[in-house]
1. Could you check the spin-label model distance between Arg370 and Glu440? Points 7 Å from the Cα along Cα→Cβ, value in nm.
2. Subtracting the Cα-Cα distance from 0.36 nm times the residue separation, let me have the gained length for Asp388 to Ser213 in nm, one decimal.
3. So, counting K/R as plus one and D/E as minus one, what does the shell of residues with Cβ under 15 Å around Ile231 add up to?
4. Binned at 10 Å from 0, what are the whole-percent values of the Cα-Cα distance distribution for the range 303-412, short to long?
5. At a 1.4 Å probe, what is the % contribution of carbon and sulfur to the accessible area of the range 60-127?
6. Work out the FRET efficiency for Arg397 and Leu247 from their Cβ-Cβ distance, taking R0 = 22 Å, and round it to the nearest 0.05.
7. Report the dimensions of the range 51-179 along its three principal axes from the alpha-carbon atoms, largest first, rounded to Å.
8. How much length is gained if the chain between Glu156 and Asp483 is pulled fully straight, taking 0.36 nm per residue apart and subtracting their Cα-Cα distance, in nm to one decimal?
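The values are calculated or read from the model by the stated rules, or taken from the named source; none is laboratory data. Worth saying up front: this structure is predicted, and the values here are computed from it rather than measured. Neighbour counts are summed over all protein chains in view; Cβ atoms, including those assigned to glycine, are modelled from backbone coordinates with ideal geometry. What goes into the accessible areas is simple: the full protein's heavy atoms, side chains included, and nothing from ligands, DNA or RNA. Shrake-Rupley method; radii C 1.70, N 1.55, O 1.52, S 1.80 Å.
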Amino acid sequence: MSYFTLAPNPHNSGADSPGSSVFDLPTQSGQPQATPDSRQSRAVAGQSTGIVEPATENEISFVVISGGTGCNSICSAFGHAACYILPVSDDGGSSSEIIRVLGGPSIGDIRSRLVRLIPPADASSPLEAIRTLLAYRLPASATEREARDEWRDIVEGRSKLWAGIPNDRKEMLRGFLVYFESEILKRAHKNFSFVNGSIGNYFLSAAQAFFRSLPSAIFLFSSITNSQANILPVIVTNHTVTIAAELENGERLVGQCEISHPVRQAPRIDVSTESEPGSPIDPLDGTLPRSRNVMFQSEGKHQYEPLGARITRLFYINAYGNEIHPSPNPDYLTSLSRHDVLVYSCGSLWTSIIPCLALKGVANAIARSRSLKAKVLLLNSANDRETDGYTAVDYIRTIARTLNDGHHAQTYGGLSKADTTYPVSAFITHLVYLKGTTVEVHVPSITALGVRCVEVEGPLDQRTQRPQFDAPSVAHAIRDILDSMRED
């Protein structure tokens, strides 16, 4: 076997595969690449299979700034030549419990995108079995004991989730889950909760802790799942990343969950010693209190309690609550100079998009890029807790203001500065919005900012009965934008 493949093999059930090492990757560009079964490549009439053809020399390339779930349904619109920039500050769901006990950067959004970009496979293939395992979440309705017992079945290799995964891959995956368990046991006094826990999060967290590198953990995940995904964390760090928001009334909210979707927990008895001051020697422990938000589910974001006032700015803080100015991932800045289209994806504006923009150097990289032909904002179909009462102009001005503020250097000793304030059109050239959106779109005001408006039709969400973006509508909008620019 000359290259790594997880495609279905009719001569191998997957139970025994001595020659299918997950690290048996191609080493020469001339070698053939693993491809899905031809049966999977046939699209059903009138339906999108989500299968993306390999990148070609003339294919448009994208840099997509997004959160973990807002962009998942439209990923196939961007083809193989897409680079996804994701924040590492989410502290909801099982990520909150991992951060509380183990520390480290949040990996929930990255895991969500990695799972979404696993190539399609036959239902009986090893790849599909691995996808099922890494996408599995322990029940939110289970008791602590029930969740822990199910986790124990998984980590000890007895769970039915392992069915169909070849032994070599099973033992490699299980090895990292065992490592995660050992790290939890070292901190048994913190009473880790497995309720609503994501197995993919546990695996990725263990790989990050083992390699002391989030990019290496992402590479491992991609290799195991035969994915060609190009996913970059916006900040490369082994420490916990925390965001805070300042409101117009002076109030400060700490943590993504408190800003976007706070979940009120019932009182519980906890015999841990978390009330004791953290050790300054261990940067992962810190001193900020870590709330439990394991019960948050994205379906609950449509029902929210409005903020006391609008958010004026978002910034990063360290473990002691002091504002800090971390450097962005250098590969993120490089990608902005090598791709054709920048997309600000639909999703949470202040907690998914802005954390990727409120970093020094990003404004210059976007505004001065010679490769970016279009800079497109996909407008949400409805506001949420973070953007209650916003119009499309508010979305645009928030992005432009954040980038310009992050671009300006601090002055010292009263010395004057000669900073450039970029126009809105340097950051956003096109606004794509859905027909029937509940967010006010005043086209003349947006056009006056130098931003062109593009209206598209999208399918209705069955639960909310609101229009939503899908891959065909986004692909159609991007195509129209690029065609119009060629005509100009």
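1. A separation of 4.3 nm, rounded to one decimal place.
2. On the way: separation 175, 0.36 × 175 = 63.00 nm, distance 3.71 nm.
Contour length minus the Cα-Cα distance gives 59.3 nm.
3. Values: positive: Arg111, Arg113, Arg116; negative: Asp90, Asp109, Asp331.
Cβ neighbours under 15 Å give a net charge of 0.
4. Once binned at 10 Å, the Cα pair distances of the range 303-412 give 12, 42, 33, 12, 0.
5. Numbers: 630 of 1230 Å².
Carbon-and-sulfur percentage of accessible area, whole number: 51.
6. With R0 = 22 Å, the Cβ-Cβ based efficiency is 0.85.
7. 53, 35, 25
8. My answer for the length gained is 112.2 nm.
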